[in-house]
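Since the structure comes first, as structure tokens, the remarks are kept for the end.
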Amino acid sequence: MDRRELGAIGENMAAELLRSKGYVILRRNYRCSAGEIDIIAERYGELCFVEVKTRQGFAYGRPCEAVTAEKKKHIRRAAQEYIEEMKAQGYVPRRVDYQIIEIIAEHHVRAF
């Protein structure tokens with residue numbers, strides 16, 4: 001399985017997790033000039049911009065550690081573009097939140 005396939009599986013799992021917690025998925029893989037947002041969701045009037053990081057273990061640290069200051073800056077800029085698009089359509093969120101979902105897929109062979 002390559003990185004792209006693993007990432008897609010992780011994003012699907014993250015979307016299901018959010019749905020199970022009452023979030024409504026508004027967009028997936030939103031792309032604009034500022035960057036990309038994996039999932040845009042809403043719950044109780046709060047607009048959530050979600051970065052999903054999927055790894056096959058901890059060899060390179062926790063997945064959330066891959067969300068660098070530079071990546072956060074791109075996500076915030078992309079979120080602002082999305083909000084501006086929505087404002088043009090008459091939607092103004094009450095609150096905004098930025099979230100990270102970590103997906104760890106570890107396979108333990110001969111575990112016991």
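The values are calculated or read from the model by the stated rules, or taken from the named source; none is laboratory data. Nothing here was measured: the structure is a model prediction, and the numbers come from that model. Cβ placement follows ideal geometry from the backbone for every residue including glycine, while neighbour counts extend to all protein chains displayed.
Structure values in brief
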{"quantity": "Residues that are surrounded by fewer than 13 Cβ atoms within 10 Å (Cβ to Cβ) and of a type in the set (A, V, I, L, M, F, W, C), drawn from segment 83-112", "calculated": "88, 92, 109, 111, 112"}
{"quantity": "Any chance residue 70 is surrounded by fewer than 14 Cβ atoms within 10 Å (Cβ to Cβ) and more than 30 Å from residue 107 (Cβ to Cβ)", "calculated": "yes"}
{"quantity": "Residue list for segment 57-72, restricted to those being under 14 Å from residue 100 (Cβ atoms) and in a helix (DSSP H, G or I)", "calculated": "63, 64, 65, 66, 69, 71, 72"}
{"quantity": "Residue match in segment 86-99 (condition: modelled with pLDDT under 90 and touching a strand residue (DSSP E or B) at 6+ places or on another chain (Cβ under 8 Å))", "calculated": "yes"}
{"quantity": "Count - residues of segment 35-46 that are touching a Lys or Arg at 6+ places or on another chain (Cβ under 9 Å), more than 22 Å from residue 69 (Cβ to Cβ) and either surrounded by fewer than 22 Cβ atoms within 10 Å (Cβ to Cβ) or in contact (Cβ under 8 Å) with a residue 40 or more places away in the chain (or both)", "calculated": "4"}
{"quantity": "Top-ranked residue of segment 14-24 - restricted to ones that are crowded, with 16+ Cβ neighbours inside 10 Å and of a type in the set (A, V, I, L, M), ranked as farthest from residue 109 (Cα to Cα)", "calculated": "18"}
{"quantity": "Residue within segment 55-67 that is under 23 Å from residue 25 (Cα atoms), surrounded by 13 or more Cβ atoms within 10 Å (Cβ to Cβ), touching a residue at least 40 places away in the same chain (Cβ under 8 Å) and of a type in the set (A, V, I, L, M, F, W, C) present", "calculated": "no"}
{"quantity": "Residue within segment 73-82 that is outside any helix (DSSP H, G or I), surrounded by 13 or more Cβ atoms within 10 Å (Cβ to Cβ), of a type in the set (A, V, I, L, M) and over 10 Å from the mean Cα position of the chain (by Cα) present", "calculated": "no"}
{"quantity": "Per-region count, segment 86-97, residues without any contact (Cβ under 8 Å) to a residue 12 or more places away in the chain and among the charged types (D, E, K, R)", "calculated": "1"}
{"quantity": "Any strands (runs of 3 or more DSSP E) falling wholly within segment 4-56 and containing at least 1 residues that are among the basic types (Lys, Arg), out of contact with any strand residue (DSSP E or B) (no Cβ under 6 Å at 6 or more places or on another chain) and within 20 Å of residue 96 (Cα to Cα)", "calculated": "24-32, 35-43"}
